[in-house]
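Everything on this sheet refers to the single structure shown next.
The values are calculated or read from the model by the stated rules, or taken from the named source; none is laboratory data. Everything quoted here is computed from the prediction, not taken from an experiment. So basically every Cβ, Gly included, is an ideal-geometry build from the backbone, and we count neighbours across all protein chains shown. The protein model used for the area step is the full one, side chains on, heavy atoms only, and it has no ligands, DNA or RNA in it. Shrake-Rupley method; radii C 1.70, N 1.55, O 1.52, S 1.80 Å.
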Amino acid sequence: MKRLVLWTCFAALACAAPNQRDAVPIPVAGVIEGFWGPPWSHDDRLAMLDFMGDVGLTDYVYAPKDDPYHRLRWRDPYPPDRLAQLGALVAAADDADVHFHFAISPGVSMAYSDTADYRILRDKLAAVAALGVSRFAFFVDDVPPNLDHDADRTRYDDLAAAHADIANRLAADLRAEGATLSVTPTTYTDAWGDPVYADRLGALLDPEIPLFWTGSDVVSATIDADEAARWEQRFGRKVLIWDNYPVNDFARWRPFLGPFDGRGAYLGSAIAGLIANPMNEAHASMLPLATLAAYARDPGTYDPAVAISDAAAMLYGPDAAPLVLTLVGVWGSYAHEPGPFETLFLPGHPIDSAAVATNLATATETLDALQPLTADRPRLAGLVADLEPLAARTAARWQEILDDPHYLARDGVVRYDPAIDRLPVPTATETPGDDDPALAWRPLTHPTARAPVRAALVAVGDTLHVVVDVPVRTGAVLSDLQIGDGDHIALVVQGDDVTDRQHVDPPDVVLLFPAPTGDATPAWRASVQDYTGMVAKYVADNRGMTYGEFHVGTFGVAASPAQTAGVRYATRRTRRGYRATIAVPVGASLPRVSLTVTTSEDGRRPTYGLASRNYPTNPATFVTLVAEDP
């Protein structure tokens, strides 16, 4: 028996409820492979399960977002080779005394009222159950926040009723077979989502079904017993914490090597368990996860500094531990902290050249020093193999910045210079037509796509007129929340009271204009986007971000009539594509804007931008419009 401590409360939730001020062990402590991006390899998972058994982590949840059979192709059976790999994982988990949970995430496309879809879901789980799995999870996180199917809207009052219906039926069916179910809801944090949905789901859901919650944010700096107790009231059951540490799918350039911290000494008394979402780098994740095991065993006396030191020595050997701790010194900051390299990847903040160079040299030299020690130490070899590409990527990014004319160096500080994207906008006394020969066309940019998408901007009085020429045959044209998932134009108008230019702050208005269908100009949509916490960093660093349904529905609210008064939109078909004209009242002075056009080309969906650096949700890279006298 490898496990240091064996807890079984996750499956049955039958643990006695201690006083909410007792410093008691966490009843369940484990790992959920639930991140976006490249999933772990089969060998990574086997190594992780072996590690979990050694340190006493109790539960592993299989839920990689980019396993197509878990999410996008959830209806399709696993191919025989993939099913065999799952079977090998189940056996390895059993050998390590780790509970194996299989999660499925059908919410992107499932029709909840469709008996055929439910049957497919049951068949999919039955195939996994035949491998020896008796713990399942139904995930509806990061899915459309509304009912998409007409039949669902007819049958259910709201999304919570649909999710509760499926989960209750599924739990009852599984219970009859001796299996259990847990659920990750669509609203799983205080930071965003619909609190009414969370309240309704808690009231409608079978009280024996555990619900996941990530804390006050998607990546929470702190989680304590009082917060957990508040969500226990909301959900009507003790929460299972989905702890988004040390996950780095929102900052793929950055590992998180520091110890678990900010989790209260009394948390164990208020929750059903704590399951950590790790990094895409499995071996690098083991170091912080070992400190989770130490915290879970004794939250009352847990010391993060001692835990990380002990973990380094235990996993990699006493001789390698000082070098590993040096890497923790470079990459040991948390998501709510900037870290030594964040300014390289999020345009807008000044870069301390000396600090970047020193930290980069330390990381590279330490990895080189560890290399000779890896020969007979697979966990150390895995750690070094995981970190070397991240160090190389950071070095490449630093050189890219030094060579980039958008960045200016002075007195040891390098700053992104938004003034480069200053665009003179001609003024006129009359509204121009969309084929006016006087229009000053400007090509929109994309790193690889070559379609000559272009735009012309003209200021007439207090109104900004934007003409966009899209010489591409349109593909998907969608409506309402889904406009941003189809071919569309997005115009973001920055407000006057922005205090943090790292991300869009209200009242910055996002205007989404779909491509035309037939000869009619389709309805457009306006929203106000509010990004905070981890989400702000993710969108600020994402050059390809578009305003799709999840983006608008989760992080946005409908713009008020006052914010959209006077906005006009018209389109017409052209021989090769379409031309759009947009009019937006902007007041006496021109604003900073983001203008992007998403098209369909040869099976791809490139997004063209007015700015030379296309970060459509990072105002640090917006174009500054300057009125030009006629």
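Determine the per residue accessible area of the chain with all protein chains present and a 1.4 angstrom probe, expressed in square angstrom. All intermediate terms of the calculation are to be shown ahead of the outcome.
Numbers: 24220 Å² over 630 residues.
That works out to 38 Å² for each residue.
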For the stretch 542-555, Karplus-derived ³J(HN,Hα) couplings (6.51, -1.76, 1.60; θ = phi - 60°; whole Hz; x for glycine and proline) come out as 9, 5, x, 4, 10, 9, x, 4, 4, 4, 6, x, 8, 9
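How much length is gained on full extension from Arg604 to Glu337, taking 0.36 nm per residue of separation minus their Cα-Cα distance? Please list the in-between numbers first.
Working: separation 267, 0.36 × 267 = 96.12 nm, distance 3.56 nm.
Computed gain between Arg604 and Glu337 is 92.6 nm.
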Determine the gain in length on full extension of the stretch Ala305-Ala127; use 0.36 nm per residue of separation and subtract their C-alpha separation, reporting nm with one decimal. 59.7 nm
Tell me, what HN-Hα J-couplings in whole Hz come from the Karplus equation 6.51 cos²θ - 1.76 cosθ + 1.60 at θ = phi - 60° for each residue of the stretch 425-439, using x for Gly and Pro? 10, x, 9, 9, 9, 10, 5, x, x, 6, 10, 4, x, 7, 4
Taking R0 as 45 Å and r as the Cβ-Cβ distance between Ala313 and Ala562, the FRET efficiency 1/(1 + (r/R0)^6), rounded to the nearest 0.05, comes to 0.15
Roughly to the nearest percent, how much of the accessible area of the chain is carbon and sulfur, given a 1.4 Å probe? 53 percent
Can you compute the modelled spin-label distance between Thr517 and Thr429, with each label point 7 Å from Cα toward Cβ, in nm? 4.3 nm
Per 5 Å bin, what is the whole-percent P(r) computed from every C-alpha pair distance within the stretch 404-477? 3, 12, 17, 16, 15, 13, 12, 7, 3, 2, 0
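If you take the Cα Rg of the stretch 499-630 and divide it by 2.2 N^0.38 Å, with N the number of residues, what do you get? Don't skip to the end; give the middle numbers.
Details: Rg = 15.4 Å, N = 132, 2.2 N^0.38 = 14.1 Å.
Taking N as the residue count of the stretch 499-630, the ratio is 1.09.
Given a Förster radius of 60 Å and the C-beta distance between Arg473 and Asp43 as r, what FRET efficiency does 1/(1 + (r/R0)^6) yield to the nearest 0.05?
Values: r = 45 Å, r/R0 = 0.75.
Calculated value: 0.85.
If you take the square roots of the eigenvalues of the alpha-carbon gyration tensor of the stretch 150-191 and sort them as a ≥ b ≥ c, do you get rounded (a/c under 1.5), prolate (a/b over b/c) or oblate? Numbers along the way, then the final one.
On the way: a/c = 4.37, a/b = 1.29, b/c = 3.39.
Oblate is the answer for the stretch 150-191, as a/c is 1.5 or above yet b/c matches or exceeds a/b.
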Simple SL model, points at 7 angstrom along Cα→Cβ for Arg575 and Val626; separation in nm is 3.7 nm
Fully extended, how many nm does the chain gain between Arg153 and Ala438 (0.36 nm per residue separation, minus their Cα-Cα distance)? 97.6 nm
Which ³J(HN,Hα) values in Hz, rounded to whole numbers, follow from the phi angles of the stretch 585-601 under the Karplus curve 6.51 cos²θ - 1.76 cosθ + 1.60, where θ = phi - 60° and Gly and Pro get x? x, 10, x, 6, 10, 6, x, 8, 9, 10, 10, 10, 10, 9, 10, 10, 9
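Work through the residues other than Gly486 whose Cβ is under 15 Å from its Cβ and net out their charges, Lys, Arg +1 and Asp, Glu -1.
Computed value for this residue: -2.
Could you work out the relative contact order of the chain, using alpha carbon pairs under 8 angstrom and six or more residues apart, expressed as a whole percent?
Details: 1337 pairs, mean separation 72.7, N = 630.
Worked out over the chain, it gives 12 percent.
Going through the DSSP H helices of the chain, which span 30 Å or more along their own axis at the Cα atoms while scoring at least -1.0 as a mean Kyte-Doolittle hydropathy?
Values: long enough: 378-402 (36 Å, 0.23).
Helices passing the filter in the chain: 378-402.
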Using a ≥ b ≥ c from the Cα gyration tensor of the stretch 59-145 (square roots of the eigenvalues), is it rounded, prolate or oblate, where a/c under 1.5 gives rounded and otherwise the larger of a/b and b/c decides, a/b for prolate? prolate
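Do me a favour and compute the ellipsoid semi-axes for the chain from its Cα gyration tensor, root of five times each eigenvalue, largest one first, whole Å. Mind showing how you got there, number by number?
Values: eigenvalues 393, 196, 92 Å².
They are 44, 31, 21 Å, listed largest first.
Please identify the trypsin sites (Lys or Arg not before Pro) of the stretch 45-102 that satisfy two criteria: DSSP loop assignment and at most 15 other Cβ atoms within 10 Å. Which are they? Present the calculation step by step, with values, prior to reporting the outcome.
Working: sites: Arg45, Lys65, Arg71, Arg73, Arg75, Arg82; in loops: Lys65, Arg71, Arg73, Arg75.
Answer in residue order: Arg73, Arg75.
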Taking a label point 7 Å from the Cα of Gln399 along the Cα→Cβ vector, which residues of the stretch 333-373 have an amide N closer than 16 Å to it? 357, 360-361, 364-365
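Restricting to DSSP H runs of at least four residues, report the calculated mean residue ellipticity at 222 nm for the chain, -39500 (n - 2.57) per run over all residues, nearest 500 deg cm²/dmol. Mind dumping the intermediate values first?
Details: 17 runs with 200 residues, N = 630.
Taken over the chain, the calculation gives -10000 deg cm²/dmol.
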List the residues, sorted by chain then number, that are 5 or more residues from Ala272 or on another chain and whose placed amide H is less than 5 Å from its amide H. Val239, Leu240, Ile241
